[in-house]
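K.L.:
Following this message is one structure expressed as structure tokens.
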Amino acid sequence: MAKCLIERTVLFYYRTNHSLDRYPTFEMNNRNYIIILVLILSLSSCKDENKEQKTNRITESVSTDLDVDHFNIWVKNPKTTKQRLTEIGFTSVPDSLSQIHKGQGTAGRYFNFLNGYLELIFVYDQNELEKNNKNNKNLDFTERADFEKNGASPFSIALKVKDYDLEKIPFEKVIYHQDWMEENANIFSAKNSKTHLKEPSIFVIYPEIESDKFETLADLKNIPDEYAFAREFYKHPNGAKKITNIIITSTDLDLKTETIKTLNRIQNLTVKNGTEHLMELYFDNNIQGKSFDLRPELPLIVYL
């Protein structure tokens, strides 16, 4: 900035002391030519600085109040889809330890990573799912579960909010409580998720169910010894450790809705338009240079 200010001052000085009015017969000698050339290059560098400042302002707009806790993919066949992930070297949480969402009619198959987890969510009890839908008409479970027929996005993003300050949630939300949750604890689902099915479903979780975060595999020692067996669920034969980027493609998106704008302000998360519903999941900045396309069983491409 200081460099540009000096160059602008030089330019002002040159203009006021070498105006054509004062020198009607002025001719460009070698010295003047060099000065003008320097000024042109200087102005160009100032433009580059302005561009850089604009980029920095965009970077500053990244949300620091919201972060991805975990993410879901709705599936019809949890056994087959789980197998596709284990085939490429991911360790799953055993089915016997996988959560059933009591009162909601769904269950999950889980894959833990150092900074979040992937849940394959599916209908466990159709009658319970429909009953829950009647009691919670503003929620999108039945529509998302029927993604193959209605074209809904099969992806859900679970967010956590800094300091659990609900005023920091920038979109309209629906309060949701279910049997499997702690007493007096609620999830806040985006109201938009029911009416904009092409968008990923979004919800904000409460602190007690936020996923554990670890910087390195060595930090798994912080898991209490009574749960030492859980440390193994974070160790994957394919070497995956941290989720470093999530790109979600959906069809017919309105990128200007508050929910989509919110997601695209979250670091390492991008939602964009495309020809199909697809998640691209990067681990450790694709350090191994490997990729696995799991379609058609899963709308997922993994980068290791």
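K.L.:
On the given criteria, is residue 167 among the acidic types (Asp, Glu), at pLDDT 95 or above and in a helix (DSSP H, G or I)?
P.N.:
no
K.L.:
Let me ask another. Which of (1) touching a helix residue (DSSP H, G or I) at 6+ places or on another chain (Cβ under 7 Å); (2) among the hydroxyl-bearing types (Ser, Thr, Tyr); (3) part of a loop (DSSP other than H, G, I, E, B) is the odd one out, the single condition residue 259 does not satisfy?
P.N.:
Answer for residue 259: the failing condition is (3).
K.L.:
In addition: Any residue at all in region 143-150 that is polar (S, T, N, Q) and either touching an Asp or Glu at 6+ places or on another chain (Cβ under 7 Å) or open to solvent by less than 40 Å² (accessible area, probe 1.4 Å) (or both)?
P.N.:
Taking every residue of region 143-150 in turn, at least one turns out to be polar (S, T, N, Q) and either touching an Asp or Glu at 6+ places or on another chain (Cβ under 7 Å) or open to solvent by less than 40 Å² (accessible area, probe 1.4 Å) (or both).
K.L.:
Residues 112, 133: which one is closer than 15 Å to residue 82 by Cα, touching a helix residue (DSSP H, G or I) at 6+ places or on another chain (Cβ under 8 Å) and open to solvent by 10 Å² or more (accessible area, probe 1.4 Å)?
P.N.:
When all the criteria are applied, what remains is 112.
K.L.:
Among the residues of region 223-244, how many are of a type outside the set (Lys, Arg) and in contact with an Asp or Glu (Cβ under 8 Å, 6 or more places away or on another chain)?
P.N.:
Of the residues in region 223-244, 4 are of a type outside the set (Lys, Arg) and in contact with an Asp or Glu (Cβ under 8 Å, 6 or more places away or on another chain).
K.L.:
Also, quick follow-up: Say we look at region 95-153 and pick out the residues that are aromatic (Phe, Trp, Tyr) and outside any helix (DSSP H, G or I); which of these is farthest from the chain's Cα centre (by Cα)?
P.N.:
Applying the filter and picking the extreme gives 124.
K.L.:
Something else: Please verify whether residue 275 is among the hydroxyl-bearing types (Ser, Thr, Tyr), assigned to a loop (DSSP other than H, G, I, E, B) and open to solvent by 50 Å² or more (accessible area, probe 1.4 Å), treating the condition exactly as stated.
P.N.:
For residue 275, the condition - among the hydroxyl-bearing types (Ser, Thr, Tyr), assigned to a loop (DSSP other than H, G, I, E, B) and open to solvent by 50 Å² or more (accessible area, probe 1.4 Å) - is met.
The values are calculated or read from the model by the stated rules, or taken from the named source; none is laboratory data. Because the structure is predicted, anything quoted here is derived from the model rather than measured. Here the Cβ is made from the backbone with ideal geometry for all residues, glycine too, and neighbour counts use every protein chain on show. When the accessible area is computed, the model is the full protein with side chains, heavy atoms only, and any ligands, DNA or RNA have been set aside. Shrake-Rupley method; radii C 1.70, N 1.55, O 1.52, S 1.80 Å.
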